[in-house]
């Protein structure tokens with residue numbers, strides 16, 4: 001149903017929507033318009049949008065470049081690949097979080113759910129020293 005033949009895609013009574021963030025925005029607005037996951041605050045929404053855009057456009061290309069050969073081709077990464085992954089992905093996630101525990105500081109948001117989806121797998125990789133990234137583990 002996605003015109004680009006990718007997932008995720010979502011159909012709501014024939015209304016087709018694709019891309020993770022767009023699906024999440026749609027579902028929140030439809031089922032929980034007052035949700036604090038996407039607060040009715042211009043600056044809060046801007047931070048969430050910024051984080052989601054950064055994850056999608058800046059971090060995800062490096063994430064998939066590293067992960068696809070590990071899972072689909074079962075290739076062991078080189079030390080240089082691990083270093084690049086830590087630099088572009090792990091440190092990128094830390095930058096998205098900023099100084100707080102969440103993108104919005106002390107409040108869970110839609111952007112944090114996206115981070116969790118990525119980090120759950122990343123922090124379990126045996127080739128990374130997760131203890132080096134306590135902020136991300138919390």
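No lab work stands behind these numbers, since they all come straight from the coordinates. Note that the structure is predicted; figures quoted are calculated from it, not measured. When we count neighbours, we look across all protein chains shown, and the Cβ atoms used for this are built from the backbone with ideal geometry, even at glycine.
In the chain, the longest principal axis of the Cα atoms and the axis of helix 42-54 are about 40 degrees apart. Angle, helix 60-71 long axis vs. longest principal axis of the chain, Cα atoms, 0 to 90°, nearest 10? So the helix axis and the longest Cα principal axis differ by about 60 degrees. Describe numerically, in nm with one decimal, the distance between label points set 7 Å from Cα along Cα→Cβ at residue 125 and at residue 42. Calculated label separation equals 3.9 nm.
For the chain, the relative contact order comes to 19 percent (Cα pairs under 8 Å, sequence separation of at least 6).
Taking Cα atoms only, the orientation of helix 110-122 departs from the longest principal axis of the chain by about 30 degrees.
Could you work out the helix-only [θ] at 222 nm for the chain, with each DSSP H run of four or more residues adding -39,500 (n - 2.57) and the total divided by the number of residues, to the nearest 500 deg cm²/dmol? Spell out each step's value before the answer.
Numbers: 7 runs with 68 residues, N = 138.
So the calculated ellipticity at 222 nm is -14500 deg cm²/dmol.
Protection proxy ranking, highest mean first, for peptides 35-47, 87-99: 87-99, 35-47, where packing is the per-residue count of other beta-carbon atoms within 10 Å, averaged.
For the pair region 91-128 / region 1-29, the C-alpha centres are spaced 23 Å from each other.
Using a ≥ b ≥ c from the Cα gyration tensor of the chain (square roots of the eigenvalues), is it rounded, prolate or oblate, where a/c under 1.5 gives rounded and otherwise the larger of a/b and b/c decides, a/b for prolate? Oblate is the answer for the chain, as a/c is 1.5 or above yet b/c matches or exceeds a/b.
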